[in-house]
Amino acid sequence: VQLQASGGGLVQAGGSLRLSCAASERTVSDYYMGWFRQAPGKEREFVATINWSGRSTFYADSVKGRFIISRDNAKITVYLQMNNLKPEDTAVYYCAADRYISGGYYNSRSYVYWGQGTLVTVSS
């Protein structure tokens with residue numbers, strides 16, 4: 001399974017961006033898919049996760065109310081709509097996928113498949 005993330009870029013504070021992550025195999029439509037991010041000098045942190053049907057979503061407190069995760073299983077793609085961006089959202093964003101996330105949705109070690117990352121820079 002390969003995950004291809006895209007959509008990062010430079011945006012001013014208060015702006016919006018939409019990230020996409022396309023999977024290479026249709027089996028991923030049955031998986032949890034999520035987003036993590038890593039800022040310079042910091043550990044990778046959980047952002048959001050969505051279950052296979054799209055009916056269950058989970059968010060980090062820092063992005064709740066600003067970011068929306070969604071998926072299109074026909075396209076085997078997960079999206080992260082990021083609104084009201086802040087400079088502290090600057091990071092490389094990674095998409096991830098796993099069938100069971102047995103270690104918890106917030107735990108990066110629960111995900112076996114990872115995309116290559118896309119850089120989001122928010123200027124003040």
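The values are calculated or read from the model by the stated rules, or taken from the named source; none is laboratory data. Fair warning: this is a prediction, and the values are worked out from it, not measured in the lab. Note: ideal-geometry Cβ built from the backbone for every residue, glycine included; neighbour counts use all protein chains shown. Only protein heavy atoms, including side chains, enter the accessible area calculation; ligands, DNA and RNA are left aside. Shrake-Rupley method; radii C 1.70, N 1.55, O 1.52, S 1.80 Å.
Annotations
- Candidates T90, T49, T57 - the one that is among the hydroxyl-bearing types (S, T, Y) and farther than 21 Å from R109 by Cα: T90
- Within the range 54-67, the residues that satisfy the criterion of being surrounded by 14 or more Cβ atoms within 10 Å (Cβ to Cβ) and either closer than 16 Å to A5 by Cα or of a type in the set (S, T, N, Q) (or both) are T57, S62.
- Test: residue in the range 6-15 that is within 15 Å of N73 (Cβ to Cβ) and either at pLDDT below 95 or open to solvent by 20 Å² or more (accessible area, probe 1.4 Å) (or both): no
- Close pairs (6 angstrom Cβ cut-off, 6 or more residues apart or separate chains): open to solvent by less than 20 Å² (accessible area, probe 1.4 Å) and modelled with pLDDT under 95 in the range 23-37, in a helix (DSSP H, G or I) and hydrophobic (A, V, I, L, M, F, W, C) anywhere: none
Let's see how each residue does on (1) at pLDDT 95 or above; (2) charged (D, E, K, R); (3) loosely packed, with under 14 Cβ neighbours inside 10 Å; (4) more than 13 Å from A23 (Cα to Cα):
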{"residue": "N83", "(1), (2), (3), (4)": "yes, no, no, yes"}
{"residue": "D89", "(1), (2), (3), (4)": "yes, yes, no, yes"}
{"residue": "C95", "(1), (2), (3), (4)": "yes, no, no, no"}
{"residue": "D98", "(1), (2), (3), (4)": "yes, yes, no, no"}
{"residue": "Y106", "(1), (2), (3), (4)": "yes, no, no, yes"}
{"residue": "S110", "(1), (2), (3), (4)": "yes, no, no, yes"}
{"residue": "W114", "(1), (2), (3), (4)": "yes, no, no, no"}
{"residue": "L119", "(1), (2), (3), (4)": "yes, no, yes, yes"}
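- Checked against (1) modelled with pLDDT of 95 or more; (2) open to solvent by 50 Å² or more (accessible area, probe 1.4 Å), N51 passes all but a single condition, namely (2).
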